[in-house]
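Encoded as structure tokens, the structure appears first; notes follow it.
The values are calculated or read from the model by the stated rules, or taken from the named source; none is laboratory data. Just so it is clear, the structure is predicted and the values come from calculations on it, not from any experiment. Backbone-built Cβ (ideal geometry, glycine too); neighbour counts: all protein chains shown.
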Amino acid sequence: MSISDYSSVNKRRETVISALQTVSALVGELELDRNIDELDRSAKDFREQGIKILFLGEFRCGKTSLINAFLGNKILPATCLIPIPIELAYGDNYDVSIYETGQDNPHTLSRESFIEKVRLRNFEDFCSEGLDIYWKNIYSVHIECQTPLLANGIRIIEIPGFVQYLAGNRNIRKVLQYAQAVIFVLNAIKILSIEEINFIEEELGKGRLDNVFFVINRIHTVYDDAGEEGVQEVKDYTQGKLKHHFLNEKGEFDEEFYNRRVFYVNAKGALDARTSTPIDNEMLEVSGVPALEKALENFLTSDEQVALAFNTIIDTLNRVVEDACQEISTRKTHLNQCLNEADELEKKYADEQEKKHLDETESQLLEQLNIAKMAADGNAENFDTTMETKTMTTNTSANQPTEGNESGYGSIKVKSDTLASVLEDISVLIGERKHQSIHLTTGGTIDQPGLSLIADAKDIATIAKGIREGIFNVLVVGTFSAGKSTLINSLLGEKVLKAKMLPTTPIITTLVYGDSPYVTVYYKDKLEPSMLEESYFFEEFTLTENDRKNIQDKGFKDRFENVRNAQIERKYSLLKNGVKLIDSPGLEDEKNKTDIVLSYLKKCQGVIFLLNATRLLNEKEVEIINDVLGDGRLNPVFFVINFINIVEENAPDEVDEIKRFCIHSLKHRFLNEQGKFDEDFYNRRVFFVNALGACLLYTS
């Protein structure tokens, strides 16, 4: 499903939330506690609300298959009976949250236990006996999953079948009230029963239904049984029953609007197409689901709908800022009186400075409100242009080189340094209140900056420091003695790392730009790192025979389990341009393999996976590729096969055989969108090298 427009709306939503949080911090300085609570609550509700799409329909109409087709994943079980609304939202919690009446917090079930609980065993018993006693006090089920559609603020709510049970249900009416769109799924084989028609008229409305999409599923079954004539009969019947919901202002049938709200689909076909490898685009298009998705996206991301969704939060911002400005006005009036009456020059000066600070606070409040309004008024183009202009103004005042003066790493380094300068200035502006003028890194001078937001200022300064150290994290992984250190020395053009020692270094070591003669070692249980001389570091942090025995016996070593990582500084051009090289321990160490996955892989822009040509793709390496790097196409991963020179010297006839074996083992990682082997991409990600030879050449 296309997510570009949803992403744009979500970006503007995050901007409004940021404005809410900034205004909350500013009014906090005025000690307006009531307004702070209201803003924090509004920001939380606004973030959690998202764009809600409600799915309705009788049991066995294919509603679950349609939801799974939208998500591109079989999240919901198709053979289960769940008589309670289910909400699907973005997240990584594998457990299912169950909300009960009278309970503040939900209880949880594993996915497997939940599916077993709701598995449909006897549909006839349910129809005669009603809800299982387990569901009597439950009003909602919450499931999290990580799909692109949900990542952009979309929330999908599936309402259980049995429209005769739903009619008059207050919980359902409440959900209908807050949904931005309703998808009513109908079965083409048994379409628009009396119960369904009554539900539409009584619950959805008798007139024009702007936000309701009618989806007639299983139309392919009608075609298979009765051909085009049968399909046309279903379409004529549907139009006859629903046309009074699609009248224009003159009371005439609006056929164009009808065609944007009524769709005939094959939900299971769409689901099968999206979950096949590769995706069957032809089958997907024939299913009719992409046309439905596009119409739904156009409706939900229209200027009118976006403005409608943002109205409440903008009203809250207006009210709070108005209260804050009124409070500032009152305090300024009082300060003016004090200034007029003050006899002591020092007291008068202090009052003037406080008045100036309040003026600046008021200005920032109004600016944040203006940014939020621009994000919410539906005109994304004007908003993006305004933000680009502000960025250009900041960069110009910093007297930094513009894009085009450098290329590659250097060009990005210029931009990252400019960003770091801006963050450093922001840290000064919101940090500890100062009583003297401060010259900003990006240019200009400000008198007595500071909003006393000490913790936030420290966090921003830390981020700026990290950006200056480098924004390209390149992780080098491989088994012990695969040549990782030698390869890093080759990349740097100097023997920075001791090749006979660092291959057995048992901790993660990062190389960054700098001139410190010490190695910085960070620990898991200490706030401050230790500064060690290099000779001591390489002597202390080297695997002993006992360490190797621990790895063989336990799968990990005890001696360094409290060490997070080490950092070495060097002034080399590669590091100067913002690249951080991260040398990892051997993959034989199970605990460090976990540390790499949790702490480094997710934030690395590139991964160099070093393999040994003399024992290519052993069991441990294949396990890492499959379990750690993930399935499918691995864009940021470079496979470097070292020691190819040894094979060429000892068994030259085996070189081509090794290369063919490598293609055979890795080709499924290099498929294009049509599912075919992408040789060009493979040649840009797989390299056969002599790391030692390159290192000797560069350092000679």
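A compact table of results
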{"read-out": "Matching residues, region 628-653, being surrounded by fewer than 17 Cβ atoms within 10 Å (Cβ to Cβ) and aromatic (Phe, Trp, Tyr)", "value": "638"}
{"read-out": "Conditions (1) outside the structural domain of residue 148 (by TED's automatic domain parsing); (2) under 18 Å from residue 62 (Cβ atoms); (3) hydroxyl-bearing (Ser, Thr, Tyr): number failed by residue 264", "value": "(1)"}
{"read-out": "Of residues in region 204-251 being outside any helix (DSSP H, G or I) and hydrophobic (A, V, I, L, M, F, W, C), the one surrounded by the most Cβ atoms within 10 Å (Cβ to Cβ)", "value": "215"}
{"read-out": "Given (1) farther than 19 Å from residue 154 by Cβ; (2) surrounded by fewer than 20 Cβ atoms within 10 Å (Cβ to Cβ); (3) polar (S, T, N, Q), number of the condition residue 298 does not satisfy", "value": "(1)"}
{"read-out": "Residue in region 445-453 that is surrounded by 14 or more Cβ atoms within 10 Å (Cβ to Cβ) and polar (S, T, N, Q) present", "value": "yes"}
{"read-out": "Options 289, 306: the member that is modelled with pLDDT of 75 or more, in contact with a helix residue (DSSP H, G or I) (Cβ under 9 Å, 6 or more places away or on another chain), of a type in the set (Val, Ile, Thr) and surrounded by 16 or more Cβ atoms within 10 Å (Cβ to Cβ)", "value": "289"}
{"read-out": "Selection from region 187-203 of residues that are among the β-branched types (Val, Ile, Thr), surrounded by 14 or more Cβ atoms within 10 Å (Cβ to Cβ) and part of a helix (DSSP H, G or I)", "value": "200"}
{"read-out": "Given (1) on the phi < 0 side of the Ramachandran plot; (2) modelled with pLDDT of 90 or more; (3) of a type outside the set (Lys, Arg), number of the condition residue 210 does not satisfy", "value": "(2)"}
{"read-out": "Identity of the residue in region 603-627, among the β-branched types (Val, Ile, Thr) and crowded, with 16+ Cβ neighbours inside 10 Å, that ends up nearest to the chain's Cα centre (by Cα)", "value": "607"}
{"read-out": "Subset of region 654-700 [surrounded by fewer than 18 Cβ atoms within 10 Å (Cβ to Cβ) and either in a strand (DSSP E or B) or at positive phi (or both)]", "value": "671, 675, 677, 687"}
{"read-out": "Tally, over region 538-563, of residues that are at pLDDT 70 or above and either assigned to a strand (DSSP E or B) or under 35 Å from the mean Cα position of the chain (by Cα) (or both)", "value": "4"}
{"read-out": "All helices (runs of 4 or more DSSP H) inside region 397-512 with 3 or more residues being at pLDDT below 80 and touching a helix residue (DSSP H, G or I) at 6+ places or on another chain (Cβ under 7 Å)", "value": "408-430, 454-469"}
{"read-out": "Any hit, region 564-577, residues being modelled with pLDDT under 85, under 19 Å from residue 482 (Cα atoms) and under 29 Å from the mean Cα position of the chain (by Cα)", "value": "no"}
